[in-house]
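Trainee: Below are the structure tokens for one structure; questions will follow.
The values are calculated or read from the model by the stated rules, or taken from the named source; none is laboratory data. Because the structure is a prediction, the values reported are computed rather than measured. Cβ: placed from backbone, ideal geometry, glycine included. Neighbour counts: every protein chain shown.
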């Protein structure tokens, strides 16, 4: 199986994903660690990854994290829309 490779090395490349980082930060801000079934934040399976991405500055995200963050944003699209973040407008990482 061929492994996907991302090439987002420069700060300029990473800067275009600031809206994606903001979406992850928003979800983490309302997440209680999946203690309650309240429809806010990440579900149990995504809690660790989501909070880890929120804690890391964008410059420290590993390259593979960009696609995973984008997928999280799409998964939690309804919550992001309620927070006035349009998941469809978030930049998807370039897969080479």
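Trainee: Which pairs do you get when a residue that is without any contact (Cβ under 8 Å) to a residue 24 or more places away in the chain and on the phi < 0 side of the Ramachandran plot, found in segment 57-81, comes within reach of a residue that is surrounded by 15 or more Cβ atoms within 10 Å (Cβ to Cβ) and part of a helix (DSSP H, G or I), reach meaning Cβ atoms under 8 angstrom, with the pair 6+ apart or on two chains?
Mentor: Note: pairs meeting the criteria are 65/53; 68/49; 68/53; 74/87; 77/87; 81/87.
Trainee: I've got another one for you. For segment 26-55, give me each residue that is surrounded by fewer than 17 Cβ atoms within 10 Å (Cβ to Cβ), within 15 Å of residue 80 (Cα to Cα) and at pLDDT 75 or above.
Mentor: Scanning segment 26-55 gives 29, 30, 43.
Trainee: In addition: Residue 88 fails exactly one of the following numbered conditions: (1) at pLDDT 95 or above; (2) surrounded by 14 or more Cβ atoms within 10 Å (Cβ to Cβ). What is the number of that condition?
Mentor: Only one criterion in (1) at pLDDT 95 or above; (2) surrounded by 14 or more Cβ atoms within 10 Å (Cβ to Cβ) is unmet by residue 88, namely (2).
Trainee: Identify the residue in segment 58-74 that is under 10 Å from the mean Cα position of the chain (by Cα) and surrounded by fewer than 19 Cβ atoms within 10 Å (Cβ to Cβ) and, among all such residues, is nearest to residue 16 (Cα to Cα).
Mentor: Applying the first criterion (under 10 Å from the mean Cα position of the chain (by Cα)) to segment 58-74 yields 65-74.
Then keep just the ones that are surrounded by fewer than 19 Cβ atoms within 10 Å (Cβ to Cβ); that gives 67-68, 71, 74.
Details: 67: 14, 68: 16, 71: 17, 74: 17 Å.
Among residues in segment 58-74 that are under 10 Å from the mean Cα position of the chain (by Cα) and surrounded by fewer than 19 Cβ atoms within 10 Å (Cβ to Cβ), the one nearest to residue 16 (Cα to Cα) is 67.
Trainee: Let me ask something else about it. Please tell me if residue 69 is modelled with pLDDT of 80 or more, in a helix (DSSP H, G or I) and in contact with a helix residue (DSSP H, G or I) (Cβ under 6 Å, 6 or more places away or on another chain). Lay out the reasoning, then the answer.
Mentor: On the way: modelled with pLDDT of 80 or more: yes; in a helix (DSSP H, G or I): yes; in contact with a helix residue (DSSP H, G or I) (Cβ under 6 Å, 6 or more places away or on another chain): yes.
In short, yes.
Trainee: Name the single residue, out of those in segment 42-56 being in a loop (DSSP other than H, G, I, E, B) and free of Cβ contacts under 8 Å to residues at least 24 places away in the same chain, that is nearest to the chain's Cα centre (by Cα).
Mentor: Initially, segment 42-56 is screened for residues in a loop (DSSP other than H, G, I, E, B), giving 42-46, 56.
Filter again for free of Cβ contacts under 8 Å to residues at least 24 places away in the same chain, leaving 43-45, 56.
Details: 43: 14, 44: 15, 45: 14, 56: 11 Å.
Here the residue is 56.
Trainee: What's the number of the condition residue 61 fails, among (1) modelled with pLDDT of 90 or more; (2) under 16 Å from residue 29 (Cα atoms)?
Mentor: (2) is the only condition that residue 61 fails.
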